[in-house]
Amino acid sequence: MRGALRGLGLAAAATLLAAVVTAVVLVGFSLVSFPAYGNSNVLRALSVVGQVAAIALVVVGILAARAGERPGGRAGLVRLGKLAAPTGSALLVAATLGIPLAASRLYLHGVSVDQEFRTQFLSRSATSLGLPDMAYADLPSFYPSAWFWLGGRFANLTGLEGWAAFKPWSILSLAVAAALVTVLWTRLLRTDLGAVVGLVSTAMMLTYGSPEPYGAVIALFIPPVLILAWHAVNPTVAGPAAEGEPGAKSSPLSRHGGIGATVVTLVFLGISASTYTLYTGLAAGTVVLMAVIATVLALRGRTCYPVWLPAVRLAVIGFGSIALALIVWAPYLLAAMGGAPADSGTALHYLPDSGAQLPLPMTAGGLTGLMCLIGLIWIVVRAWTSRRAQALGLGVAAVYLWCLASMAVTVLGTTMLGFRLEPVLIGLLMVAAVFAIAELAGLAVRAAGRQNGAERPAAEATQRRRTAGAAVGVVAALAMLAQVQGIPDHLHEEIRLAYTDTDGDGHRADMYPPGPESHYGEVNDVIGQAFPDRQMTDLVVVSTSDAFLAYNPYLAYQAVTSHYANPLGRYADRNAAMVGWEDARDGEELHALMTGTDWRGPDVILARPTGDGYSLRLAEDTYPNDPNVRRFSVTIPAEAVEGPHFEVHEVGPFAVIVVR
């Protein structure tokens, strides 16, 4: 219990330091007017400075921990190291994302493609302490709300609008996650090795997962949680890290035969299910696979625990995590079980080119490809002797099984989005690579103290080993720097969109003329004058203009696409109703079509004037085609918005049609 409390205290302190570091970077750089990232190399240079500082902070933490953990060392140095390392990981996030985006108020990808609905969800979450749907009125959220609900509270705390909170909340949540995963690794492993694994994991998350921040937060924790899950269903005396392995130690989480590991796995899966269902499915499936293998080992008499233990632990993890997830999922499930009409949903209807082949990052070349190859080789070589290799290997196997299943179920008219698991796969292989390199480095350092198979004199051996260890450390730090300073290049397109998309205040961060979104303020003025006694959150708006509902927390008459739409919202029926508006001959008929549905009719329509009416752009699912969305237009006849039920206002390129 004492160890668990110390771990929680360390996690709390690391969270606070991560928040402080992130706030300093974001606020500090917001006070200076910088040129756009794509127009100048200033922000790029400053981000490298920040990355070097982050790596240096982790190195300081490693040196302090190593000094404190030596015989006669001071406990204060160990505590310093255990706090410096996660703070360095958090600083890496803040420097790598916060500095390149310093001159923009938008996050990676701006409000383009999927970032539009994510920004819309956060804007809606900032308006309610409940779990509102990202689009529709009077419906509980279908999309997992945990990250967005917390982001809404962050927006309320800082006084930011939802869209403006998206960037700082994304960076802050990723920085805190990086700090916490580093804490977890340093609890499972020797502090220096845990710090390196945490830093490498953070770098990989930034490279491959950061555009989808709530998914990246979950992906970061999958490798250490799988090691814990393997210990939960297949416990040993040695613990999750397995004594005898380089960097292993007796972990407080391993006491009482894996009970602590069971609790951590349970909590992670519950939080994950409330945040990102795809990664939850992978992690849960891996735990089930582990339990099956553990049961087989017990049946064959190759374990020290009873045959029933893996199944019982699996049941505890399963039911416990479901109970936690129900905090977020219960409102939707209750509404669905209440018999409300619903669509079948098209969330899994996506099969791009990358989803039609297995991910093989170890063949991609470059430093990442080499590291993934090293990690795969280590998993295969150490599979019979290392519990870490077994846990990570089962995770890798689960990814490939999921990808194969995703491709197989295309015959049933759906997928399992296997292509989205590549960041998790890379994370697992990179962690394995760190373990492999740590073992090789240990062999090299020990060999430096020997000559012709015999040990050198004690003083000489110690000096040579220290020199070899320092050389290994320098090479590792340089490799790490080479990797992290290339992350902005990898995210070039995502950063570019953050500067070229028009933000919620009508400005482009690259100082070029803004798009039509610059008129949204005037549109809001017209709507406010038409409904002076009603809040945005009580008005249903038909808008197919990009980002209008992302920047303003109105209720949406229709979701962005069917793939993220709440099935209870009946996306296809709403589309059909809007197509029917084209046939209205006068205002009375159109008003009857709008109000004669099972859902709330529109209060405002934001459309584009055309020669013979007012145009709206709709979307429909076209899976199995790629792209999987077809855009088409619906035109409301000009004569259909005449009469007492409608008021038409021209605002820039838009027509604001008020419905009475």
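Every read-out reported here was derived from the displayed coordinates using simple, explicitly stated rules and does not represent laboratory data. Predicted, not measured: the structure shown is a model, and the values here were computed from it. Every residue, glycine among them, receives a Cβ derived from its backbone with ideal geometry; neighbour counts consider all protein chains shown.
Where a ≥ b ≥ c are the square roots of the eigenvalues of the C-alpha gyration tensor, would you call the stretch 409-503 rounded, which needs a/c under 1.5, or, failing that, prolate if a/b is larger than b/c, or oblate? Oblate.
Multiplying the residue separation of Val288 and Val474 by 0.36 nm and removing their Cα-Cα distance gives an extension gain of 62.9 nm. The slack in the chain from Leu63 to Gln535, taken as 0.36 nm per residue of separation less the alpha-carbon distance, amounts to 164.3 nm.
Give me the percent of DSSP beta bridges within the chain that run antiparallel, rounded to the nearest 5.
Taking every DSSP beta bridge with both residues in the chain, the antiparallel ones total about 85 percent.
For the stretch 53-102 versus the stretch 1-47, the spacing of their alpha-carbon centroids is 13 Å. The simple Förster model, with R0 at 30 Å and r as the Cβ-Cβ distance, assigns Arg631 and Thr363 a FRET efficiency of 0.25. Only Lys, Arg, Asp and Glu carry charge here, each on its Cβ (+1 for the first two, -1 for the last two); on that basis the stretch 516-659 has a dipole of about 440 debye about its Cα centre. Taking a ≥ b ≥ c as the square roots of the eigenvalues of the Cα gyration tensor, an a/c ratio below 1.5 marks the stretch 516-659 as rounded.
Using the beta-carbon distance between Val27 and Val52 and R0 = 25 Å, what value does 1/(1 + (r/R0)^6) give for FRET efficiency, to the nearest 0.05? Computed FRET efficiency for Val27 and Val52: 0.75. Stretching Ala19 away from Glu639 to a fully extended chain increases their span by 217.6 nm, per 0.36 nm per residue minus the current alpha-carbon distance. As a calculated quantity, the FRET efficiency between Gln485 and Asp114 at R0 = 30 Å, using C-beta atoms, amounts to about 0.65.
When you filter the chymotrypsin sites (Phe, Trp or Tyr not before Pro) in the stretch 113-154 for DSSP loop state and at most 16 other Cβ atoms inside 10 Å of their Cβ, nothing is left.
Taking one quarter of the surface of the convex hull spanned by the alpha-carbon atoms of the stretch 388-427 gives a direction-averaged projected area of 2.6 nm².
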